[in-house]
Amino acid sequence: MPRPAARQHAPAASTSAPSSSVPSLVNVLHELRRVHAWARRIGVGALAGGSSAPVMDASELEEAKAKLQTACVQFGGLDRQNVAMKLLASSPTCEGILQLVVVALRLPLPVAGQAPEAGLRLDVGVNACNILTSLLLGTELPAEREGLARRLLRAQALHASAQQLASAAAALQGSAGAPSESLRTASVQLLTSSMCLVSALSSLAAAPCPGLRPDLITALDESHLLEHAARLLQIEGPACDIASSFAGAYQAFDAASRSSGVAPPAALRVVCGPCARHAAMALGLAALRQLEGGTAGGGGTAGGSGTVCGGGAAGGSRAGSGSGAGSGSGAAGGSGAGGRQRGGERQRGGERQRGGERQRGGERRRGGGRRQAAGPPGPSAPRPITILRLLVRVGLAVAASAGLPGGASALPQASRFAIATTVLGNVVCKLPWWRAGRGAWPQVTSDVWRMAAALLRSEVLGDVEDVAMRNLLGKAVEAMLGGSTRGECGGLDAPGWVLPTETPPAVAAALAGGALPFLERLLRRGGRAPLQLEAAIAERLADVTAIAMWQQALPLLAYGEPAQAAALVTSVTKLLRSTQAQALLGGALRPETGGVGVAVALKFLVSTSQSWSSDGPSPPALRRLALVLSLALPDWLTELSRVVRQAAAMELAAGSGVRRRRGRGTGGAAPEAGADLKEGPLLAAIRVLLSTCRVVQDARQVAAATSAAAAAATTAPHDGPESSASAASSEADGGNGDGDDGDGSGDGGFIWPPPGLAEAEVVGAALGLLQRRGPDPTAGSAGGLSLVRLITCRSAVCLATAQPEGVRALGAAGLALAWRPGAVRAAAGALRGESGHQEVAASMEALAARLEAWAGEDEGTDEGEGEGKAEGKGADEGEGEAEGVGEGKGGVEDGGAMQGAGGGPAAWSSGEGGNALLCSAAPLLVSPDEARRRLGLPPACANPACANLEGDGEAGLRLQRCARCGSAAYCCRECQRAHWRAGHKAECGGGSGGEGAGG
Ligand SMILES: [Zn+2]
Ligand SMILES: [Zn+2]
């Protein structure tokens, strides 16, 4: 259940890597023992005694500042935050730091030509503020941290900070000429520290201390701190580090106020009122001004954006009055908490503001002018859609700026990154995905996809190394993917898929925004360059704990442009081809060995096991999806099988690997992913692989049997369907192969199973792994491990019935993936322990006996004879064995029921959800080449092992024909060379067009 909200935590105080010579925290804290005295003396000097009589002189202030700075640096990092909090909790030093912060937030701003002490006092205060932020951001001692936060709020610290920022804004705007540098520095520092403080308080209120929430909301609502901060931001211009601290605070508060469900009205006033407009202004306009090459004044830009900020002007009027610091809650009380939102009209003591015009004592504010352009939103809060449109514009502008080759308005990469992450984070928070299909929203949703596609390129953002940022970007895409289909097509949190004839609007919007090419590009680039941004995002999307994401992409395949859908699944195929077995070994899929392809394939396959409903018997969307699956299934399952068998062989050879792995990767799993984590990627892959194989197999047999029966009722039966219905699947190959047909034919030339599938070996691997792992004490019968076992056993019974000679050969060969009687018995025993699977357990016991008997016979005979028997006597003996298994303990009934019409596929899919989509799609499958042709994707590279991920899309690959035969075409020289060695040399006669790769 993915939530769109990217819960970004507050940026830590401006402390980075701790220095190499680390004095112990105890010493650092000891140096702060006089902090109480500092607070008192600074307070006396600056507040009570007037600015002329500093009680702390410059050298003392320098010393205090240095000690606090050291402490700031030393508190970097979570561990140290926690240790510091433990050492400080309930000590006088802690109280002293708090006092210092409270005092610092009331200090007057430095004035030009003033003694340096004023600036130093602020520096001391800012450092204290950062220390306090660090303490609040720890993870331990929540009660102590809450106490600290409460005392801070009770001291009206946020009110004081709001006043300080307001007077900073007033001073900056009021100063004739360029404001003094010390004033600018001070205002930036104050803004940054206060926003970090708000972030820290918000994250504290979000998780461990919800009791803090009401007080925090009240404080922000009353003080209008965010509003004043945003206003200062607009004056300061596009300084990204300030913008991000503001955005961090805004988001953290937003998340905290919604963390209990519905945000209270006061919180909405903070978030959706003028402050929201300010956020948009701060995040958007500054960037837009710069990006669109606007003038410094930016009047036109602001007007053109359609978002006009009246709230800022209102907040500013407090500051403009010059009363500044001291009047505590004046800003709040005076303007009235709700007053600004009401009807765009505000009255206060004869001061009147309406529309674009505002007068106050004859004073007309310069800066206000650019916010007063009359616009549709007027002074009321902008609609969320307006903010989003603005953000999208910003994002697109940022992306465009990267394309300018050294152009004058090109932003530096760091700025692009800062703006882009903020924009994306906010877009995901703001876009009401549940409405993505209604009203004016589809357009915006498309634009958001378009913007994300434009932004999320390494050309724009560079290589993102910061893990938190990678996660943020990945989450944004996750939310978009998840949001596009939720409520429209069903999905994970719904009982099943819905496949209406018309494309659901939210899906259409995502598709119009280029969702499919975007995803394909992410995957291709991620596969090509595993260290780049796209790989990081793809990796995040492939996270096993985020299982929902690619499943939500299934409707995109069903309703998308067919060629784009085909290209996407083909790119996944190529990722799978280069996947190494190691990807599956470990607690999580490993991206550096190609785990992304596995993850995406598995998630798509799992999503086809959900039930579905529609308004027609075989709706167009299902037919299109079947074409896409025709292209995907043979290759995906073949490659998955290869990776699984390799990984299983390594795992089985490695011995005690399983136990070692179990400890890993179990923390922090989403509830729905718990089962997968318990299984581990290898068993999860086996489960999905086997169940997909069986569903396709059974559904196609049922369909063939049904059509054969229908045909028999009218005319003489054809040869193809008959054989595939009655006999082993290996025979079905011959029967179905080369079915050269048009659209109408039943099986469309689809060959099942694909030649490299080796299902029996996968079953053998699973049996071995399950035996080793033993019963899972933590999981009930619904646990992931039980599901793997059940599916493995059912597959085993079916295979032993359908192709006993193959199973026997596998058992005799002494392979790592052989079916060992002991493993079969162990699985049977485990099934016996669970209710509801007694029949399968009995069949497995019979199978174990059978395997033992075979082993005995094979020992007695020559090995060559054993092989000959398996090959030669094929069908005849096969039937006999199948009956033998059945007679044992009712296995045939079980196996028969699964293959029989009606009961079979439902029996399979019931484990994973009703009338599976795949079950209905299976009879519609056609050959991959045919699917490719019908989907409109150009013919593939003739090298069957082609894993060329060059370019951003499969459709972009240009093929070159083999110069000799002219029939085979390749995407690159490597492919041609590889295929030549792999057999084209023999086929390439130089002109015999008939034999070429059918194109
Ligand atoms: Zn190729
Ligand atoms: Zn050739």
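The values are calculated or read from the model by the stated rules, or taken from the named source; none is laboratory data. Note that the coordinates shown come from a computational prediction; the quantities given were computed from them, not determined experimentally. Glycine also receives a Cβ, built like all others from the backbone with ideal geometry; neighbour counts cover every protein chain displayed. The accessibility values were calculated without ligands, DNA or RNA, using every heavy atom of the protein model including side chains. Shrake-Rupley method; radii C 1.70, N 1.55, O 1.52, S 1.80 Å.
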> Would you say ARG151 is assigned by TED's automatic domain parsing to the domain that holds LEU98, part of a helix (DSSP H, G or I) and open to solvent by 30 Å² or more (accessible area, probe 1.4 Å)?
Replying inline: yes
> So which residues in the range 931-940 are open to solvent by 30 Å² or more (accessible area, probe 1.4 Å) and more than 13 Å from ligand 1 (Cβ to nearest atom)?
Replying inline: ARG933, ARG934, GLY936
> From LEU589, LEU585, LEU576, which residue is under 24 Å from the mean Cα position of the chain (by Cα) and at pLDDT 90 or above?
Replying inline: LEU576
>> When you scan the range 95-103, do you find a residue that is open to solvent by 10 Å² or more (accessible area, probe 1.4 Å), modelled with pLDDT under 85 and either part of a helix (DSSP H, G or I) or touching a Cys at 6+ places or on another chain (Cβ under 9 Å) (or both), even just one?
In response: no
> In the range 915-935, what residues are in a loop (DSSP other than H, G, I, E, B) and within 26 Å of HIS984 (Cα to Cα)?
Replying inline: VAL926, SER927
>> Would you confirm, using the coordinates I've provided, whether PRO214 is in contact with a helix residue (DSSP H, G or I) (Cβ under 9 Å, 6 or more places away or on another chain), part of a helix (DSSP H, G or I) and open to solvent by 10 Å² or more (accessible area, probe 1.4 Å)?
In response: yes
> For the range 829-849, how many residues are modelled with pLDDT under 90, buried (at least 16 other Cβ atoms within 10 Å of the Cβ) and over 39 Å from the mean Cα position of the chain (by Cα)?
Replying inline: 1
> Could you list, in sequence order, the residues of the range 457-491 that are among the β-branched types (Val, Ile, Thr), over 14 Å from ALA538 (Cα atoms) and modelled with pLDDT under 80?
Replying inline: THR485
> How many residues are surrounded by fewer than 17 Cβ atoms within 10 Å (Cβ to Cβ) and within 12 Å of ligand 1 (Cβ to nearest atom) if we restrict to the range 962-981?
Replying inline: 3
>> Suppose we filter the range 941-961 for residues that are away from ligand 1 (no atom under 12 Å from the Cβ) and within 29 Å of the chain's Cα centre (by Cα); how many remain?
In response: 4
> Mind checking which pairs have a first residue in the range 960-977 that is without any contact (Cβ under 8 Å) to a residue 24 or more places away in the chain and a second that is within 7 Å of ligand 2 (Cβ to nearest atom) and among the hydroxyl-bearing types (Ser, Thr, Tyr), Cβ under 9 Å, 6 or more apart or different chains?
Replying inline: ARG961/SER967
>> Please determine whether any residue of the range 943-961 is open to solvent by 40 Å² or more (accessible area, probe 1.4 Å), within 15 Å of ligand 2 (Cβ to nearest atom) and small (Gly, Ala, Ser).
In response: no
